[in-house]
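Here the structure is laid out as structure tokens; the discussion comes afterwards.
Read-outs throughout are calculated quantities, based only on the coordinates presented, and are distinct from any laboratory measurement. Predicted, not measured: the structure shown is a model, and the values here were computed from it. Here Cβ is always computed from backbone atoms with ideal geometry, including for glycine, and neighbour counts include all displayed protein chains.
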């Protein structure tokens, strides 16, 4: 059987840059699936490769993509026959719901996270806050490379960063968007890029589309 | 003779026969100062001078980690072993001086866990004694399942019952009572951590069930009391030290190295922690790997060995 | 018993604004100069931390020097501005108490003229004469101290402190106080494991440095601490060279000239130590900072020579990572006048 090609455009980097995998079904009693945008495709592949009996023991929480060009896979996901299917308008709207899911589930529930790094990071952070070790949760990256970024200076988080460098949406400093990543903040680190000479303003390039 | 790392001189303050198989030994510090506080699940290495034989064997501390006056270990007599437990049972008496190491912990609680699920078999109860004592002070939910042969061999059931109340579940072999692993493991709240200690088949069964039921590896902890098994004597050459050393029948390679006055790294002395990993420069015959650290590939490659538990049928040259 | 250091008065000096920081000649000579040869490359370079050599910074297990009072004042200012510099994840409370015990006992044992600790069961009585603090409290009960135990004691101890939880064969930075660091953020890195928080360091990962270092650190036992030295350079004797304030101190990197290099450019030495904490099984990782100006170095010919040769031969990636590019050549030019080209004696101690 051919090895599936990764659908992710993420390049290898430093040790603190998250590395994602490919979702694969386990023998756990229940399955909690959370995805956004193109990540819906990873769930479709997961269910496709899963044995009979998987879908009735699974729950799907899906945020259709707000990213131009990314399909809304809701119909296909709904047709999988999972025990429950829920659509949320945004990742942030979804979080309180899955926080409750994490709280009430039992050990022996496999968690699957797929899609943007924002969805994966925030869902994982929610799982960690419920006491689940981050390694317990399977992840697969698909679609946008847009990042969440914490400004190390003012601590504000800027969403959907696609350029290098990027402006902090809180304090206005121009930041180098590093690959150094914090699971606790579910964000990459931004550091003032022109501290030594604020008059030097490097042009922004779209590097995380 | 290389000295025991960080040795503390102690006096045996009491020896208590707990039941027909198990004795408990109490130690107080010889100089009267407090013993170090420790973390639940820790072990100490006891140095035993048994005639010409020097043994260094690890035992879990079963006392409270906050008790700095008195350390307690509980030892099950093993008639088929190297002789360490027999020595302790038959030769050690109150008033004797001994050397012990500082406590070290390779079976620690995950402090993030809102709940700790413990499965104990037989003498495997010992690390849970210090862990439950610690949690009684610092807080944390516990559920302890304890399988024993019969009530008499149920070491510390009374003490644990007083400490844990309904959170303790005891299973008597003689009544064919068995832990229902699917039920126990299937209903635990998010964030629970699982800890297993007991005979190897019991640990295997528990881990197998947990993994099958979808428990993540990061939430599963176990401690296997690996014993250094006796074996045929053999000779090894320590290349860096330029000496040839005979490993006796009931002596581990590590003890033989130490007996030759050479200081070698170690921590668990039970084949699980990796600290004593030593390069094998060459060997004639067969390496008898008895550890739980090296991978299958590393064992097959034959260029590494764990001297605390492994042996050789033949001869070997070590980078030591 | 470390009596010589205890005779020194404590300096009134600043590590910001007017930068009045100065080293006395004795403090210069006792510094833990990090180079034991004429070039520098990463190494695991861990050794046991014991047998305190008199007249050096290794004399006492936890070193207190003439900068103690002023460093603690600077720390308090940093914490006022940014409380996120001291954090402790909820499960690290026990480790915080272990740390308080270790630092209080070490200070009381090494410097009995300045620190006293009386323990009556859980009822402790602590006196810190240099800072004018007297505190009675119950060990283990946070409500009896004005701060959590980690913050309480590290407000009275020089250097940064990381408290590392040991889990799954790795170390996790789950608590700490970081106000004198070389350019990393506790608020961002807290919760990361050993490899992750070191991720930005170039070259070292490929060399397997961190695998070996981690294995050594996991083997550190109660009562047997270890240590190693690290280094970088700083413009002005500024302790708070944090990324949080990079936009404040970053511009200073371009201010070094041949006229001011002697007094404005500093070698920043980190004495790192590793201590197993008994009740929590965590590792305490103090990072103690020593600042020597280029002029301070020039008073020890061997050190000026070494520093010259290290800077000349430093791999470019290391120079960039350590932030030295703006002034390295100026420093080399200044130090070259002390280097007569002859061989230096082995080891790092002055001749």
If you project the alpha carbons of the range A:30-141 onto the principal axes, what extent comes out on each, in Å, largest first?
35, 32, 20
Distance cut-off 17 Å, percentage of C-alpha pairs in the range C:60-192 lying past it
59 percent
Alpha-carbon centroid distance for the pair the range A:1-68 / the range C:60-98, whole angstrom:
43 Å
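What percent does the relative contact order of chain B come to when contacts are Cα pairs within less than 8 Å and at least six residues apart?
16 percent
Sort B:125, A:10 by Cβ crowding within 10 Å, fewest neighbours at the top.
Working: B:125 26, A:10 15.
Fewest-to-most Cβ neighbours within 10 Å comes out as A:10, B:125.
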Residue of C:258, C:270, C:166 that the Gaussian network model of chain C assigns the largest fluctuation, springs spanning Cα pairs under 10 Å
C:258
Chain C: angle of helix C:209-218 to the longest principal axis, Cα-based, in degrees nearest 10:
30 degrees
Ranking of A:17, C:227 by count of other Cβ atoms within 10 Å, fewest first:
A:17, C:227
Over chain A, relative contact order from alpha-carbon pairs under 8 Å, at least 6 apart, %
20 percent
Taking just the C-alpha trace of the protein assembly as shown, give me its Rg and Dmax in Å.
29.3, 89
For a footprinting-style exposure proxy, rank A:132, C:150 by other Cβ within 10 Å, fewest first.
A:132, C:150
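What is the ratio of the Cα radius of gyration of chain B to 2.2 N^0.38 Å, with N the residue count, to two decimals?
On the way: Rg = 20.2 Å, N = 320, 2.2 N^0.38 = 19.7 Å.
Taking the Cα Rg and dividing by 2.2 N^0.38 Å, one obtains 1.03.
Averaged across B:93-105, how many Cβ atoms of other chains sit within 10 Å of each residue's Cβ atom? Please report the intermediate quantities before stating the final value.
Numbers: counts 0, 0, 0, 0, 0, 0, 0, 0, 3, 6, 6, 6, 7.
Per residue, the number of nearby Cβ atoms from other chains is 2 on average.
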Given only helices, namely DSSP H runs of n ≥ 4 each adding -39500 (n - 2.57), what is the per-residue ellipticity at 222 nm of chain C, to the nearest 500 deg cm²/dmol?
-8000 deg cm²/dmol
Could you work out how far the C-alpha centroid of the range A:177-209 sits from that of the range B:302-316, in angstrom?
52 Å
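Residue by residue through A:125-138, how many Cβ atoms from other chains fall within 10 Å of the Cβ on average? Please list the in-between numbers first.
On the way: counts 0, 0, 2, 3, 1, 4, 11, 6, 11, 3, 5, 8, 1, 1.
What the average comes to for A:125-138 is 4.
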So how far apart, in nm, are the two label points at residue A:11 and residue B:208 if each is 7 Å from Cα heading toward Cβ?
4.8 nm
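Return the Rg/Rh value of chain C, two decimal places, where both radii are evaluated on C-alpha atoms and Rh is the Kirkwood radius.
Working: Rg = 19.8 Å, Rh = 20.9 Å.
Answer for chain C: 0.95.
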Need one word for the range C:176-218: rounded, prolate or oblate. Basis is the Cα gyration tensor (sqrt eigenvalues a ≥ b ≥ c); a/c below 1.5 gives rounded, then a/b vs b/c decides.
prolate
Chain B - mean residue ellipticity at 222 nm from DSSP helices (-39,500 (n - 2.57) per run, n ≥ 4, rounded to 500)
-5500 deg cm²/dmol
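Can you figure out the FRET efficiency of residue C:50 with residue B:11, using R₀ = 25 Å and their beta-carbon distance, to the nearest 0.05?
Details: r = 26 Å, r/R0 = 1.04.
Given R0 = 25 Å and the Cβ-Cβ separation, E is 0.45.
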Roughly what percent of Cα-Cα pairs across the range B:179-240 reach past 13 Å?
69 percent
Shielding by other protein chains, B:210-220, mean Cβ within 10 Å
6
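Determine the percent antiparallel among the DSSP beta bridges restricted to the range A:65-190, to the nearest 5.
Numbers: 8 of 16 bridges.
Around 50 percent antiparallel, to the nearest 5.
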Tilt, helix C:68-81 to longest principal axis of chain C (alpha-carbon atoms), in degrees rounded to tens, equals 80 degrees
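Report, for the protein assembly as shown, the % of DSSP beta bridges that are antiparallel, rounded to 5. Walk me through the numbers before you get to the answer.
On the way: 107 of 157 bridges.
Among the beta bridges of the protein assembly as shown, antiparallel pairing accounts for roughly 70 percent.
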Rg followed by Dmax, in Å, when the range B:8-100 is reduced to its Cα trace
12.6, 38
Tilt relative to chain A, helix A:117-129 - C-alpha long axis, 0 to 90 degrees, to 10
70 degrees
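Rounded to the nearest 5, what % of the DSSP beta bridges within chain B are antiparallel ones? Write out the running numbers ahead of the final one.
Values: 44 of 69 bridges.
For chain B, the DSSP antiparallel bridge percentage is about 65.
When Rg is the radius of gyration of the Cα atoms in the range A:147-206 and Rh is its Kirkwood radius, what does Rg/Rh come to?
Details: Rg = 10.6 Å, Rh = 11.3 Å.
Using Cα coordinates only, the ratio equals 0.94.
Relative contact order of the range A:147-206, please, whole-number percent, based on alpha carbon pairs below 8 angstrom and at least 6 residues apart.
Details: 117 pairs, mean separation 20.2, N = 60.
Dividing the mean separation by the residue count of the range A:147-206 yields 34 percent.
Semi-axes of the equivalent ellipsoid of chain A: what are they in whole Å, largest first, if each equals the square root of 5 times a C-alpha gyration tensor eigenvalue? Walk me through the numbers before you get to the answer.
Working: eigenvalues 216, 60, 46 Å².
Equivalent ellipsoid semi-axes, largest first: 33, 17, 15 Å.
Sort A:136-146, B:76-86, B:12-22 by the packing proxy (mean of other Cβ within 10 Å over each peptide's residues), most packed first.
On the way: A:136-146: 22.5, B:76-86: 16.5, B:12-22: 14.8.
Put in order of decreasing packing, that is A:136-146, B:76-86, B:12-22.
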Take the alpha carbon atoms of the range A:84-110, find their center, do the same for the range A:156-174, and report the distance between the two centers in whole angstrom.
28 Å
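Where the convex hull is taken over the Cα atoms of the range B:233-320, what is its projected area averaged over directions, in nm²?
Details: hull surface 19.1 nm².
Computing the convex hull of the Cα atoms and averaging its projections yields 4.8 nm².
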